[in-house]
Each structure stands twice: as C-alpha cells, then as structure tokens.
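Scroll down for the structure; my scribbles are underneath it.
The values are calculated or read from the model by the stated rules, or taken from the named source; none is laboratory data. Fair warning: this is a prediction, and the values are worked out from it, not measured in the lab. All Cβ positions, glycine included, derive from the backbone under ideal geometry; neighbour counts span all protein chains shown. Keep in mind that these areas ignore ligands, DNA and RNA; they rest on the heavy atoms of the full protein, side chains included. Shrake-Rupley method; radii C 1.70, N 1.55, O 1.52, S 1.80 Å.
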Amino acid sequence: MKTFAEVIEYLYARLPMFTRDGASAINPDVDKTLLFCEALGNPHQQFKSIHIAGTNGKGSTSHMMASVFAASGYKTGLYTSPHLVDFRERIRIDGQMIPEQRVIDFINGHKDLIEEIKPSFFEVTVAMAFDFFAKEKVDIAIIEVGLGGRLDSTNIIKPELCMITNIGMDHMNILGDTLEEIAGEKAGIIKPNTPVVNSERQESIQHVFVEKAEENNAPLYFANDYYQVNGLERKADGLHLSINNKEDNSTSAWHLDLAGGYQQKNILGVLCAIDQLRAMGFNLPEEQVAYGLSHVQESTGLRGRWQTLSTKPWIICDTGHNEDGIREVLANLATLSYTKLHFVFGAMRDKDLSHILPQLPKDAIYYFAAPDMPRAMPADQLKELAATFGLRGQSYASISTAFLAAKEASKEKELIFIGGSTFVVADVLTNHF
C-alpha cells in the first residue's frame, strides 16, 4: 500500500470497528493488544503517561491536560478517539497529528502481524500510538480510554496518574445496566500505588472508587472536595471561571477557551490532577497552566465541544450523545437567546433513546438523519420514535441534506444545532466546514 488513502481503506475494510459494527467489534480482553505491543518491543513501557476514563468529559479533560503539559515545555503525546474528520486526529504530539507517512509505514511494516493476530481497528490504533510515542520519545502521553476502562486496549499502560470524569448511563449493552456496574468498569483503570483523581464525587457510586482504590493502595482524590466553582461567565472567547481552593480558601480566576458550561466540572478534575502531579515532581507553573487552559483548541486541535461553527447563520455543534451529555447540551442551549431552534439530529441504534428523546425541546424543528454506518438508526425510524415523544420534523437521506435543509430554513436570530451523535457532528465538519 503506497498511499495514506489505501492504508485507511485497508484498516476500515479489514478490521472490526466499534463505531461501525458495535459491540461485536470489541475483544473481551486486552490479550491481543498485549500480543501486538510485545511484537513491537512493548512501546507502552517506554514513556510516562496519564490515563483518563469516564462517560462524559474524558475527551475534553484529555485535551486540557495535553495543552497544559505542552505549554509547560513537555513533549506531549495525546491519544483520543474517535476522530471527527481525519484518522490522524487520534494520535498527536504537541498538537501535531501523526504524519501520514508514519501511518503508512506502520501498517505496511506490520501487515503480516495484523493478519496473524486479527486485532480490532481500535487495538491497531492504540498500538500505533504507543509505538509512535515511544519512537518520538515523548516526555508524557495523555491516553484517553476508548470504552469502559477495565478491558479497554489502553489499559495495558502503567500511568503516573489516573483520572476518572463523570459516570453516566451509556453503552449499557457492554458496560452494565446500572451506574454502579458502569463505574466498576471505569474504576478498572485504577492501578496499584497510583494516584487517581475523580473529577466529580457522585454520592451513589463513590464507594465503587473508594473500594477499588483501597484494594490497590491507590491515593484517591475527589476534585470537588478540593475545588469549587464560585462564578461562571460565558463570553465569546470561552468560559471565565472563579474557582475557590477549599484547602486555603483562596480564589483564582481562569479562562477556558472551551465554551460548554459542563467544562466547569472537568476543570476541577484538571486542577486537582495538576496539584498531584506537582507533588510528584512535574514542573507545571501557574502561568503555563493558565495559558494551556486558555488555548486548548489551538494547542490540541480539539473540535466539536460546544463549538460555534458560524454566526451568520448561527450554527453550534456538540458531540454529547448520551443521557447526561444531552442534558448538558440542553443546559447550554437554555443560556442562549434565539427565536427558533433548528435541530439536526441523528443517533446510533444501541443508544437508550428512551432517556434522551424525552429531554429534547418539543418546540424545535427537527431534521432527522443517519450517519453513513450500520450502527446508525435509520432516519425514518428515528423520526417515528421521536414523534412518540412529541418531537416533530422531517427525515432526510443524509446528514448533509438535513444540514442544508436546516440552513435553508433558518432565519436571522434563529439557531441551528447539530448533535445527537459524534458521527453527526463529524459528518457536518467533514463536508461543510
């Protein structure tokens, strides 16, 4: 394979993908990842890392941490998933995506191994990231869990610190039907004698993390025991936050270039993690931390988190795609002033829409469509289901046609919102921005 396009087509066509195929694409353990990495010389043992899990917020948190480390002078790897537009978004160093030629060389160099081991798409990308970070000798790598934690391919690393963000109802067909079961899977990243920061203390499930941490002799910190948001102001350039340090009762001001109100939960976890990392000897000066947090998008290329795509017409997108994520989206929408809402919406078949659709505003105009993948719920089926919850609109043959219809129908002072699935947002970004 000579071109990047050929390599990507090979990966998509030959390997099972969760984004396309759902739960059948997930291997029930980390054995294939370990086998693959062993053949590569165990690259995951050759760099320091921070491991981040959670239902919502782990992507934003990962990018914040990467931006802070890069601003502080560390050569910083960042592994996240899924990508929105370019496969290479998953693997970055100091914000720069892995070069196309490195992807080509990795797949060509290990094609026989891939054919022999038969890993999933995700397992190959994890191994590729670890190999790239090791060869480039990063100082630190921020590693976002793909799904769950305990059995996720990324869980072969031995990080300096673990972080766990919000726990919510998502991927129940894989992770469990209760918050406690899901929390148990996320807690599976907790390692012996390794500090763990939880961004949010959730009373009903905190015991899951306490027990797992005690079992592993891992120091556990709930961020909202140490920090509290006293004030929040949303401006054109992001969020301005006043945060109280509960230990010394001091107040500090922070600017975050991510505009979603839900980031106030994530930033507490980041600040708490920074405290622990400083205690471990990492040099993260206050000025550089502030710069990193105010330049997350510029430093890391993060997109799709409450992102304003246009002001004329007014278009916002967000990748929130589960019960808690949609709830946060609606909280953000409630802070805006518009005369009518045009909602471009799509969802996956395996989502529990009975807890999502009732939350959506009944006075919006909906444009139902399906991303081009087997996991997606067909637009007509989604429209019929949504109608049972009082949501009205039309179904469209593609995300693009739905978006263009919304754009055509919207008028001044009206808002187009794009969401319901990461892949809905990805489609619009790929084809229109």
Requested in this report: Pull out the extension gain between Gln206 and Leu330, defined as 0.36 nm times the separation in residues minus the alpha carbon to alpha carbon distance; nm, one decimal.
Outcome: 42.0 nm
Query raised in the report: What distance in nm separates the simple spin-label points at Leu385 and Ala13, each placed 7 Å from Cα in the Cβ direction?
Result: 3.2
Report task. Please return the longest stretch of the chain lacking exposed loop sites, where GluC sites (Glu not before Pro) count only if DSSP places them in a loop and at most 14 other Cβ atoms lie within 10 Å. Result -> 1-202
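Quick one: accessible area per residue over the chain, 1.4 Å probe, rounded to a whole number of Å²?
41
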Requested in this report: Along each of the three principal axes of the Cα atoms of the range 193-238, give the extent in whole Å, ordering the values from largest to smallest.
Outcome: 45, 23, 15
Query raised in the report: Of all chymotrypsin sites (Phe, Trp or Tyr not before Pro) in the range 341-373, which ones are in loop regions per DSSP and have a Cβ with at most 14 other Cβ atoms within 10 Å?
Result: none
Query raised in the report: Based solely on its DSSP helices, what 222 nm [θ] is calculated for the chain when runs of n ≥ 4 H residues each add -39,500 (n - 2.57) and the sum is averaged over all residues, nearest 500 deg cm²/dmol?
Result: -11000 deg cm²/dmol
Query raised in the report: To the nearest µm²/s, what D does Stokes-Einstein give for the range 318-370 at 10 °C and 1.306 mPa s, using the Kirkwood radius over alpha carbon pairs as Rh?
Result: 134
Query raised in the report: Counting only complete DSSP H runs, which helices of the chain cover 27 Å or more along their long axis at the Cα atoms and score a mean Kyte-Doolittle of 0.0 or above?
Result: none
Query - Theoretical FRET efficiency, 1/(1+(r/R0)^6), r = Cβ-Cβ of Asp363 and Arg278, R0 51 Å, to 0.05 - result: 0.60
Report task. Enumerate the calculated ³J(HN,Hα) couplings along the range 343-355 in order (Karplus 6.51 cos²θ - 1.76 cosθ + 1.60, θ = phi - 60°), each rounded to whole Hz, writing x wherever the residue is Gly or Pro. Result -> 10, 8, 9, x, 8, 8, 4, 8, 7, 7, 5, 5, 9
Query raised in the report: Cα centroid distance between the range 269-293 and the range 366-422, in Å?
Result: 41
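Based on the Cβ-Cβ distance from Gln96 to Asn42, what FRET efficiency comes out when R0 is 25 Å, to the nearest 0.05?
0.50
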Query raised in the report: For the range 365-407, which trypsin sites (Lys or Arg not before Pro) are in a loop by DSSP, counting at most 14 other Cβ atoms within 10 Å?
Result: Arg392
Report task. Could you tell me the accessible area of Tyr338 in Å² (1.4 Å probe, neighbours in place), rounded to the nearest ten? Result -> 70
Requested in this report: Please give the per residue volume of the convex hull enclosing the alpha carbon atoms of the range 235-291, rounded to a whole number of Å³.
Outcome: 83
Query raised in the report: Regarding the range 270-421, what is the average projected area of its C-alpha convex hull, in nm²?
Result: 11.1
Query - All Cα pairs of the range 146-239, percent lying beyond 21 Å - result: 37
Requested in this report: Wrap a convex hull around the Cα atoms of the range 1-157, take a quarter of its surface area, and give that in square nanometres.
Outcome: 8.4
Query raised in the report: If you build the Cα gyration tensor of the chain and take the root of 5 times each eigenvalue, what three semi-axes come out, in whole angstrom, biggest first?
Result: 32, 28, 21
**Report entry** Loop-resident sites, the range 211-310, for trypsin sites (Lys or Arg not before Pro), counting at most 16 other Cβ within 10 Å (DSSP)
**Finding:** Lys246
Query raised in the report: So, with a 1.4 angstrom probe, what is the percent of accessible area on the chain that is carbon and sulfur?
Result: 48
Query raised in the report: When the label point is put 7 Å from the Cα of His432 along its Cα-to-beta-carbon vector, which residues of the range 334-363 have a backbone N closer than 18 Å?
Result: 339-347
